[in-house]
1. Cα gyration tensor of segment B:72-185, axes a ≥ b ≥ c as square roots of the eigenvalues: rounded (a/c below 1.5), prolate (a/b > b/c) or oblate?
2. In sequence order, what are the phi-derived ³J(HN,Hα) couplings for segment A:516-530 according to the Karplus relation 6.51 cos²θ - 1.76 cosθ + 1.60 with θ = phi - 60°, rounded to whole Hz, with x for glycine and proline?
3. Please report A:49, A:430 as a ranked list, fewest other C-beta atoms within 10 angstrom at the top and most at the bottom.
4. So what's the angle, to the nearest 10 degrees on a 0 to 90 scale, between helix A:302-321 and the longest Cα principal axis of chain A?
5. Normalising by the residue count of chain A, find the relative contact order in percent from Cα pairs under 8 Å and 6+ residues apart.
6. If the chain between residue A:541 and residue A:8 were fully stretched, how many nm would it gain, using 0.36 nm times the residue separation less the Cα-Cα distance?
7. Would you grab the residues whose amide H sits under 5 Å from the one on residue B:218? Only those 5+ places off in sequence or on another chain, please, with H modelled 1.01 Å from N.
8. Using only the alpha-carbon atoms, how far is helix A:442-460 inclined from the longest principal axis of chain A? Give it as 0 to 90 degrees, nearest 10.
Amino acid sequence: MTRLLLPLAAGLAAVLWLAAALAVLPPGAWPARPWRAETMEVPQILLAYGLMPRGVVALLAGALLGLAGGLMQAVLRNPLADPTTLGTASGAQLAVVAATILAPGWLVAGSLPVALAGAGAATALVMALGARRDFAPVTVTIAGMLVGLMASAIATALTLSQGHYLLSLVMWNGGALTQQDWTGVWRLGAVLLPGLVLAALLARPLMVMSLGSGAARGLGLRLVPLRFGVLVLAVFLSAMVSAEVGLVGFVGLAAPAIVQGLGARTLRRRLMLAAVAGAVVLSLADGVLLALAALGGPDLPTGALTGLIGGPLLIWLLPRMRSRVPTTAEEGDRHAPRAPHPGRILWGLAALTVALALLTLIGGRGPEGWGFIAPALRETFLPLRATAILAAASAGALLAGSGAILQRLTANPMAAPEVLGVTGGASLGYAATVFLIEAPGTPALAFGTAAGGALALAALSVHALRRDMAPARILLAGLAIGAFAGAVLTAIMASGDRRSWVILGWLAGSAGRVTPEGALALAALALGLLGALLAAARWLEILPLGTEVSRALGLRLSRIRPGLVLLAGLATGVATMLVGPVSFVGLMAPHLARSLGLVRAAPFVIASWLIGALLMVIAAFGARTAGYPYDLPLGLFATLIGTPWLFVLLLKRSRS
Amino acid sequence: MVTDGRRGPTRRALLAAALAVAGGARPAAAATPRIAAIDWAMAETAMALGQPPVAIAELVSFRLSAPQPPAPGTVDLGLRGTPNLEALSLTAPDVILSSEYYSFVEPQLRRIAPVFSRNLYTPGEAPFPGLMDLIPDLAAVLGSGAGEQVRRDVGVAFAALAVRVAGVADRDCLLMEMGDARHIRVFGDDSLFDGALRAMGLRNAWSARTRFAFAAPVPLERLADFPQARFVVIGDVPPQAERALRTGALWNSLPPVRAGRIHRLPEINGFGGIPSALRFGRDLADALESAA
């Protein structure tokens, strides 16, 4: 049955393509070789220079992605690796978007150099993070998807700043395979052939490497150059696809997974089959869209469709990988040395937060430059600023609080609300509201966003909570939901509706839109969360010690875990409404708290909560003043000030 | 450093009263009100009425596509979606011009000054008549007596343009914006430019429903359905698309491209007011005449 899968899918893809081709021209009127564009009828040109190269490009791009995914999975021994999950594709996206807006001249000769630089930089970052944990699959995947999220967030903000070239960006972000001549085919083909040869040559040493580093070294293999070379090849193949057709997600994940079921014996055979499977998957996806468009449906970019399969695929793959991966490699950092006086640190943090909030309340930037508020303006300005600062600080505290819960719950330092998928679900809820209701007000948007977050949470519960809720499972399930939400949003953007601007604006997040009532409500919720965290301090102390210890100490895990997940999810959903889906405050704040030496649960959660508020106060000030009078996106600013620091922290080898 | 810009509460009260009677048919006080504009179509219309706003949102981009340059010293209010409320307060406006598109910030705007807002662009509806009506309505709100006169002038200007292009009115125009070498956007019958075309006695070749003034990104091959049309490309073409179009087999095989029936216009705000429509009309007439 599984053996027939690939040929059947290939046949179906061919039938779909043929249907689209026949809708253009009956077979008798097809152009005869040699083609001369000057003498051909328009439908003949559509076929010979549109549909035919498109079909071939789908095959080639799919094969390239399948091969790249196969190589990445082989070298990292990680069944979840592919150009999408390792951040490679998003790195290329950010580079191309930035070049399109800031230096369009760089793209005149083609996007490949720019895409390659971005893809390489993002992958290098993920690998540097992964190397600290022996390339443990789940950790590398989470690091990759975080880097990808960050790159996409910056790309979104850049897109937002200039609508000028938006159309080309939207199409590129969506991964459109439409062609108007054969140049794309030649370019991709010229890369695929040497790529296949190189992969075949590398297969044998890779196989030896999979025996284990000791055995490989014994056989005279130099591991570092081998790993590096294979990764460079995979990144190059993926960047080539990005440069030519844009973002096409998850084909590199799907292809090797399909091959896994076919029972190929050697790695060389698996790699070649991965290329074939990738070609079939992408052709099938493109065929479906072609047929849809031929029937009068919308013209969606193909990448948006393949993005949709990514989330379910990740969830499906997850239980299948457990047996092959040593779990010890996934465990978190050794804790930093304990601070002797946690109380003093907490008071210091609280004082710093309040002081900064007050300082940014009266200080700022106006048309005349920097300075403090003039007395005459206090009445107008103070309420405006107080609202924004309070809202930002509360959102930061909410995100950081839920990040602290998740990190304790999963004993994984990479856990964060962004990773939980709640922000992704909330984005979908917001988008749905914008499209379903004409000119929606704040209450409608708030309800839609919270409902989206809650739905994501429900989906997560069904999948992850049902079984014993392994930390890795819940994180990846969350990321899968996030990836799914991202794919839907891309499809919405690609539909070119003006309302997509509203969503794009929200994706970047802003404090300027909050009403005083909204800010007070957020503050009340943040205080409520702090209370809940303190009440749950004992559980949070015990949970990281593991299931057995927790049970032995009498914790009723079946209730406590879902309860805590729900709390984290709701807190995230509320904060997301304000700052947009990406901020990384929920990831950063608990890290900072730990690095201050706050190990016990109660000081740790309080410090996380405070640091979250502090970070957001700083971010809000920066967002308000850096580009005066242009309010920069709050979430983006928080990401930009915090993430580089976070990466440095993760890169530092833990001294244990 | 910053001066107190508050002034004239009586005038503001008067304006609030004028706004309260639904669009305000009552002429307001004699002094010209200080106007802040979030929506560009509103800003353009106020400028056409001879009352340029003292502050406009996204002034940097507005300058690039505005039908007439904003007055020197105009204050930038930041992004249209998230206007800077502090900068807005500093300009001490008597009235803030907005549209339904920014309805989510209206509560905050209303705390600063009375807001005049309209539904200008609705999916599936031609915006042109509403934008024409906006001229006298806005004039009434701003206490300007010029409303009907400006509206008549616009009608006269379009009639003159119709005479100029009468010789080429036999062919439909396909209005588009280039995205990349394979995708375009087409302006349909719910776009500002469609209204301008009609006012000039020309026809839009694109009759398929569009989603919101721009059709969804359309693959280039759909252009093959319009062998008889004139192609009107609005705005700049991205450099990499320009290069790919020069060599592209499909693009160069399209009958209008082969026959040279392709006209390029500069960047014009597709969501602007009647002044933008008029500028589009003039640019199009110039382009058609220079090609003839």
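None of the figures in this text is laboratory data; all of them are computed from the coordinates on show. Everything numeric in this text was worked out from a predicted model, so none of it was measured. Every residue, glycine as well, gets a Cβ built from its backbone with ideal geometry; the counts of neighbours run over all protein chains shown.
1. Numbers: a/c = 2.41, a/b = 1.46, b/c = 1.64.
It is oblate, given that a/c is not under 1.5 and a/b is not larger than b/c.
2. x, 4, x, 5, 5, 4, 4, 4, 4, 5, 4, 5, x, 5, 4
3. Details: A:49 25, A:430 28.
The fewest-first ordering by Cβ neighbours comes to A:49, A:430.
4. The answer is roughly 70 degrees.
5. Numbers: 1119 pairs, mean separation 120.5, N = 656.
The normalised contact order for chain A reaches 18 percent.
6. Numbers: separation 533, 0.36 × 533 = 191.88 nm, distance 5.36 nm.
Additional length available on full extension: 186.5 nm.
7. B:184, B:185, B:186
8. On a 0 to 90 degree scale, this one is about 70.
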